[in-house]
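What follows is a short report on a single structure.
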Amino acid sequence: MVKASPQEQFELIKMNTEEIINEDELIQKLQRSYREGVPLKIKLGFDPSAPDLHLGHAVVLHKIRTFQNLGHQVIVLLGDFTGRIGDPTGRSETRPQLTEEEIEANAKTYKEQLFKLLDEEKTRLVYNSTWLSNMTFARVIELAAKYSVARMLEREDFARRYREGYSIGIHEFFYPLMQGYDSVELEADVELGATEQKFNLLMGRQLQREYGQEPQVALTLPILTGTDGVQKMSKSLGNYIGINEPPEEIYGKVMSIPDETMEEYYHLASGMPREEVEEIMESVREGSMHPRDAKMKLAREIISLYYGADETKKAERHFMQVFQQQGLPDDIPEVKFNREEWPESPDLVKVLVKSGAAASNSEARRLLQQGGVRVDGERVNDINATVNGKKELLLQVGKRRFLKVRWE
């Protein structure tokens, strides 16, 4: 049941948004919902194209939780069908298509991570394969006829690729059509997305009109800057903070962000009230609060959202001991291997991968080349290095991850 007045709801919804298309329509929908006692249908779509969500994805999750707290019906759509194509937004080339097995595995991890912020009992979870996989070719042609190639090429990434002579697959034109058609199937009142998703959100409005529905309101959210303080947060750029990462890893990464991006993280990633954030940032500007202390509070707020108070305290103790006191963490994970299964001097690359310290051989080599690996406290840069048949060693990967490796 929606209890707050339409104006109160609008003020909460508008906070930290980039654009609302359009505000008058949203106010009218909120007024009707309040008057009739019928919650709005709020759509948020994710293509499970990778196994992990990061704080950049969570920006829209914070906003849709606002709608959920106000009593509206939240619909999270997992694009298990559109994910096979891949969103062409921001791409200079066609995405490699994922298999059904990869999509299914990623979707499973998404569900686990989504409900760290959303109330599972109040969230409707749907898959767009439910309707898209059953469309006949005649219906596909009917859908395609509702939008022109000229309009599709107005999209910035398509226009750039066409202008520069890069290939554009016909199937990529269907991606925004399918995402827009999802809104028709769901009869969405509002759809959320990052600013780069504006074309896809507007497609939903257009197709709803074409199918005789009231168009959804498109609400865009800012894109969170990565830990480098320069580019958008992205796993491929290595500047991300995953919401499923260990608490001590999240803590260390938050502490590594540039001071000038701290306010952005407070507003978009902490879930804290704007008034409280502004008080903290004013204290930093006045000099009554050290930026380090403000950043430590930010780290605590973010970790508590996903792991709770106890894990937050442990992560802070870990940071204090390792970085401020230059010590080792109390609880270092240990990995044991059977000596008979290993050569006398196994490659360090192999050790990093098999211990889980690196996801792949290429990542292990990259970490070594960048000076991000220490063995028993000594930095190792050689990608051909071996561990000389040691029975036990202490691995440090990056600034925050420690691992004991033992052969028995």
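The values are calculated or read from the model by the stated rules, or taken from the named source; none is laboratory data. Just so you know, these numbers come straight off a predicted model, no measurement behind them. All Cβ positions, even for glycine, are placed from backbone atoms using ideal geometry, and neighbour counts span all protein chains on display.
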Positions within the stretch 1-25 being assigned to a helix (DSSP H, G or I) and either under 24 Å from V277 (Cβ atoms) or without any contact (Cβ under 8 Å) to a residue 60 or more places away in the chain (or both), in sequence order: P6, Q7, E8, Q9, F10, E11, L12, I13, K14, E23, D24
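Yes or no, residue by residue, for (1) closer than 25 Å to R209 by Cβ; (2) touching an Asp or Glu at 6+ places or on another chain (Cβ under 9 Å); (3) modelled with pLDDT under 90:
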residue: E101; (1), (2), (3): no, no, yes
residue: N106; (1), (2), (3): no, yes, yes
residue: F115; (1), (2), (3): no, no, no
residue: R124; (1), (2), (3): yes, no, no
residue: T130; (1), (2), (3): yes, yes, no
residue: E142; (1), (2), (3): yes, no, no
residue: L153; (1), (2), (3): yes, no, yes
residue: F158; (1), (2), (3): yes, yes, yes
residue: Y166; (1), (2), (3): no, yes, yes
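Here is a yes/no grid of residues against (1) under 28 Å from the mean Cα position of the chain (by Cα); (2) in contact (Cβ under 8 Å) with a residue 60 or more places away in the chain:
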residue: A145; (1), (2): no, no
residue: E156; (1), (2): yes, no
residue: A159; (1), (2): yes, no
residue: R163; (1), (2): no, no
residue: I170; (1), (2): yes, no
residue: L177; (1), (2): yes, no
residue: S183; (1), (2): yes, yes
Neighbours by Cβ (under 7 Å, 6+ apart or cross-chain): first from the stretch 119-138, over 10 Å from V74 (Cα atoms) and part of a helix (DSSP H, G or I); second at pLDDT 90 or above and not small (G, A, S): W131/E185; L132/M178
Quick one: count up the residues across the stretch 265-304 that are surrounded by 13 or more Cβ atoms within 10 Å (Cβ to Cβ), of a type in the set (G, A, S) and not in a helix (DSSP H, G or I). 2
Answer yes or no: is there a residue in the stretch 5-25 that is in contact with a strand residue (DSSP E or B) (Cβ under 7 Å, 6 or more places away or on another chain) and crowded, with 19+ Cβ neighbours inside 10 Å. no
Collect the residues in the stretch 41-73 that are assigned to a strand (DSSP E or B) and closer than 25 Å to T227 by Cβ, keeping them in residue-number order. L44, F46, H54
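Residue-wise test of (1) at pLDDT 90 or above; (2) more than 28 Å from the chain's Cα centre (by Cα); (3) within 28 Å of V405 (Cβ to Cβ); (4) among the hydrophobic types (A, V, I, L, M, F, W, C).
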{"residue": "L305", "(1), (2), (3), (4)": "yes, no, no, yes"}
{"residue": "G308", "(1), (2), (3), (4)": "yes, no, no, no"}
{"residue": "K314", "(1), (2), (3), (4)": "yes, no, yes, no"}
{"residue": "M320", "(1), (2), (3), (4)": "no, no, yes, yes"}
{"residue": "F323", "(1), (2), (3), (4)": "no, no, yes, yes"}
{"residue": "E334", "(1), (2), (3), (4)": "no, yes, yes, no"}
{"residue": "N338", "(1), (2), (3), (4)": "no, yes, yes, no"}
{"residue": "E341", "(1), (2), (3), (4)": "no, yes, yes, no"}
{"residue": "E344", "(1), (2), (3), (4)": "no, yes, yes, no"}
Extreme residue, nearest to V38 (Cα to Cα), among residues of the stretch 1-21 that are of a type outside the set (A, V, I, L, M, F, W, C) and under 23 Å from the mean Cα position of the chain (by Cα): K14
Tell me whether the stretch 209-224 contains one or more residues that are assigned by TED's automatic domain parsing to the domain that holds G56 and in a helix (DSSP H, G or I). yes
Taking the conditions exactly as written (among the aliphatic types (A, V, I, L, M), surrounded by fewer than 22 Cβ atoms within 10 Å (Cβ to Cβ) and under 15 Å from the mean Cα position of the chain (by Cα)), does A58 satisfy them or not? no
Among the residues of the stretch 27-46, are any hydrophobic (A, V, I, L, M, F, W, C), crowded, with 19+ Cβ neighbours inside 10 Å and touching a His at 6+ places or on another chain (Cβ under 7 Å)? yes
Filtered residues of the stretch 109-118 (kept if in contact (Cβ under 8 Å) with a residue 24 or more places away in the chain and aromatic (F, W, Y)): Y110
Out of the residues in the stretch 159-199 that are of a type in the set (A, V, I, L, M) and not in a helix (DSSP H, G or I), which is nearest to R65 (Cα to Cα)? L192
For the stretch 276-287, does any single residue satisfy the condition of being on the phi > 0 side of the Ramachandran plot and not assigned by TED's automatic domain parsing to the domain that holds I27? yes
